[in-house]
Amino acid sequence: MTTEHTLEVETLTVGYADRVVIDSLDLLLPPGRITAIVGANACGKSTLLRSMSRLLAPRGGHVLLDGREVHRMPAKELARTLGLLPQSPIAPEGITVADLVGRGRNPHQRILSRWNADDDKAVAAALDATHTASLADRSVDELSGGQRQRVWIAMALAQQTDVLLLDEPTTFLDVSHQIEVLDLLTDLNRNRGTTIVMVLHDLNLAARYADHLIALADGGLHAAGDPAEVLTEDCVRAVFGLDSTVIIDPVSGKPLMLPIGRHHVREPGPTVG
Amino acid sequence: MSTTTLEAVTRGRVRRGRRRRAVLGGLTVAVVAIFAVSLMVGQTFYTPDEVFRVLLGETVPGASFTVGELRLPRAVLALITGLCFGIGGVTFQTMLRNPLASPDIIGISSAAGAAAAFAIIVLNLGEAGVSAFAIVAALGVAVLIYLLSFKDGVAGTRLVLIGIGIAAMLNSATSYVLDQAGQWDLQAATRWLNGSLNGSTWDEAVPVLVALAVFGPILLVQARNLTMLQLGDDTAAALGTRLERTRLISIVAAVGLIAFATSATGPIAFVAFLAGPIAARMVGPGGSLLLPSAVVGSLLVLLADFIGQFAFDTRFPVGVVTGVLGAPYLIFLLVRTNRAGGSL
């Protein structure tokens with residue numbers, strides 16, 4: 001079981017060159033839960049995630065992990081508590097699955113220290129958890145998109161952090177692999193208590209899998225809370241500029257958003273509820 | 001976690017480690033062998049016994065001069081410049097995630113070569129001055145290439161193309177300086193154009209040895225950070241790697257190695273470029289390539305110099321031989337890049 005960590009964002013302002021992407025944002029990421037961040041393209045979702053894992057320095061405000069500013073923590077110490085799987089990680093040519101997952105052990109190793117039994121155990125556990133043990137000696141280049149994504153998650157698991165941030169972990173995956181990855185993250189959250197924060201494109205999957213939903217609009221917070229309260233027709237209109245109808249998902253009992261475009265809408269008009 | 005998975009993971013790691021050690025051991029044996037042969041073979045053949053006695057400091061008629069004063073400095077210089085080129089080259093290739101981003105392709109070796117030629121011919125500087133001049137020029141050009149290719153981060157392709165352009169400019173500068181040299185003899189000219197070990201002396205070997213002793217360990221200690229950079233900046237940073245620090249240390253140390261080696265022998269073509277990919281094929285993916293590449297670099301220089309001296313009727317400078325070996329691989333990489341739609 002993991003220890004609980006609080007991750008907070010205080011009046012955070014982040015930007016690139018002459019553009020402010022996030023403007024004095026306040027957030028509290030609930031410990032031990034799954035949080036999904038949604039929002040329109042270029043609204044600052046990835047920027048927020050990169051800034052929380054200190055890949056981007058803030059222009060103003062703080063990111064606090066257990067009350068300590070992440071941008072001032074030693075790199076490896078932070079990486080033992082907080083992990084991030086970026087959107088497009090690069091696999092070195094020809095590397096085997098086991099070696100790639102082993103790279104996740106970096107924050108636990110000192111300069112020149114030898115690989116030890118704990119490292120092997122962590123790698124094996126990560127492979128088992130992601131059902132990639134049978135791929136251990138294969139080259140990452142040969143894997144399918146779904147397998148590869150599971151291997152990247154295995155690398156993040158080998159890092160053994162109590163908080164895991166993921167930037168669109170389901171992109172480029174077909175629907176069955178999307179569900180597989182989200183189920184895997186849910187297992188991780190339930191079995192180990194890992195705090196998970198992920199950026200997701202798919203609103204409905206976000207509402208289904210997240211305990212806490214954060215909707216960003218124009219670099220600021222639009223709404224945050226239980227998905228049933230956050231994912232409303234008004235919210236979809238405000239965040240995406242899209243008309244929709246939101247019903248109860250018959251499978252999960254969570255909200256399900258059905259978009260309303262200019263075509264393929266039944267006359268005499270959309271019915272709500 | 002199941003015990004079978006743990007066993008499989010341990011077994012795989014042990015197997016890859018064993019392969020790495022076997023390859024490193026084999027390469028080292030090969031380097032020692034070719035080093036020994038190059039001390040024995042020449043216009044006069046000396047037996048291993050005679051060579052050994054010279055190495056121990058005994059006076060052996062004939063051998064003491066030929067082996068001790070001519071062949072030994074040459075072989076030592078080949079050995080250590082090979083180590084420098086190999087380790088410096090693979091550092092750049094790993095850091096920039098691109099096999100084309102080797103210092104001899106992107107103009108850093110050219111900068112050291114041009115500066116060294118200028119320092120000797122125009123400024124009449126001594127060994128230390130030449131080395132200092134070469135390293136300052138090489139660092140300056142490295143920074144220049146980096147700045148010129150910086151636009152929302154450094155893209156590999158842009159850096160390589162800019163580097164190739166800079167290399168061409170610097171090579172023409174070297175040609176111009178050599179042209180001004182007047183009585184400068186042909187052998188020295190080939191040194192600054194192709195790289196050569198002809199007329200190697202202990203005076204040339206000492207600065208390279210010092211550079212190797214200083215920068216080599218710095219890079220080897222950084223080896224793991226460097227392999228983390230292969231995962232992309234974001235992933236490497238998320239795994240606790242300090243990007244800017246790793247890059248700064250790597251650039252300074254790798255440029256130092258390349259510049260000192262180049263100021264002693266001239267830019268021996270393609271050794272820095274070839275050593276990393278050859279080492280990668282041999283040890284397999286996953287681990288750090290610094291040490292294997294260093295040994296491969298050494299083997300390449302020793303072997304190429306041996307071939308250049310004895311395989312043909314005419315003696316060729318070492319750089320001509322490595323150039324002939326390296327060019328096909330460069331063409332292969334460029335063709336493959338082109339097929340992949342221009343993304344490196």
If you rank B:THR28, B:THR314, B:THR241 by fewest surrounding Cβ atoms within 10 Å, what's the result? B:THR314, B:THR28, B:THR241
Plugging the Cβ-Cβ distance of B:SER172 and B:ASP313 into 1/(1 + (r/R0)^6) at R0 = 30 Å yields, to the nearest 0.05, a FRET efficiency of 0.40
The long-range amide H neighbours of A:THR13, using H built 1.01 Å from N in the peptide plane and a cut-off of under 5 Å, are A:SER24, A:LEU25, A:ARG59, A:GLY60, A:GLY61
Divide by every residue of chain A the summed helix terms, -39500 (n - 2.57) for each DSSP H run of at least 4, and state the resulting mean residue ellipticity at 222 nm, rounded to the nearest 500 deg cm²/dmol. -9000 deg cm²/dmol
Would you calculate the convex hull of the Cα atoms in the protein assembly as shown and tell me its volume per residue in Å³? 177
Whole-Å semi-axes of the ellipsoid equivalent to segment B:256-313 (Cα gyration tensor, √5λ, descending): 23, 16, 8
Placing unit charges on C-beta atoms (Lys and Arg positive, Asp and Glu negative, everything else neutral), compute the dipole magnitude of segment A:102-199 about its Cα centre in debye, rounded to 20. 380
Trypsin sites (Lys or Arg not before Pro) restricted to segment A:109-214 and DSSP loop, no more than 16 other C-beta within 10 Å: A:ARG110, A:ARG114, A:ARG138
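Can you count the Lys pairs in the protein assembly as shown with C-alpha separation below 26 Å, eight or more apart or on different chains? Intermediate values should be presented prior to the final figure.
Numbers: A:LYS45/A:LYS76; A:LYS45/A:LYS254; A:LYS45/B:LYS151; A:LYS76/A:LYS121.
Lysine pair count for the protein assembly as shown: 4.
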For a quick check, take a GNM of chain B with Cα springs below 10 Å and name the residue from B:ALA213, B:ALA142, B:ALA78 with the largest mean-square fluctuation. B:ALA213
In nm, to one decimal, how far is the B:LEU55 label point from the A:VAL251 one, both placed 7 Å along Cα→Cβ? 7.1
Based only on other Cβ atoms within 10 Å, what is the fewest-to-most ordering of A:ILE34, B:ILE34? B:ILE34, A:ILE34
In percent, what relative contact order does chain B have, based on Cα pairs under 8 Å that are 6 or more apart in sequence? 28
So the FRET efficiency between B:ALA213 and A:SER134, C-beta based with R0 = 41 Å and rounded to 0.05, is 0.30
So what's the back-of-envelope 222 nm ellipticity for chain B, counting only DSSP H runs of four-plus at -39500 (n - 2.57) apiece and dividing by all residues, rounded to 500? -24500 deg cm²/dmol
Centroid-to-centroid separation of segment A:1-47 and segment A:214-273 [C-alpha atoms, Å]: 22
Can you tell me the FRET efficiency between B:PHE332 and A:ARG110 if r is taken as the Cβ-Cβ distance and R0 is 41 Å, rounded to the nearest 0.05? 0.55
Relative contact order (%) - criterion: Cα under 8 Å, at least six apart; region: segment B:9-85: 23
Percent of Cα pairs exceeding the 26 Å cut-off, where the set is segment B:22-339: 44
Output for segment A:1-97: GluC sites (Glu not before Pro) sitting in coil per DSSP, at most 16 other Cβ within 10 Å, listed by number, reads A:GLU4, A:GLU93
In a Debye calculation with equal point scatterers on the alpha-carbon sites of segment A:120-273 and no solvent, what is log10 I(q)/I(0) at q = 0.09, 0.21 Å⁻¹? -0.37, -1.33
Quick note on A:VAL265, B:VAL208, A:VAL21, ordering by fewest other C-beta atoms within 10 Å, gives A:VAL265, A:VAL21, B:VAL208
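Coordinate-derived values only; no laboratory data. Here the structure is a predicted model, which means the values were calculated and not measured. All Cβ positions, even for glycine, are placed from backbone atoms using ideal geometry, and neighbour counts span all protein chains on display.
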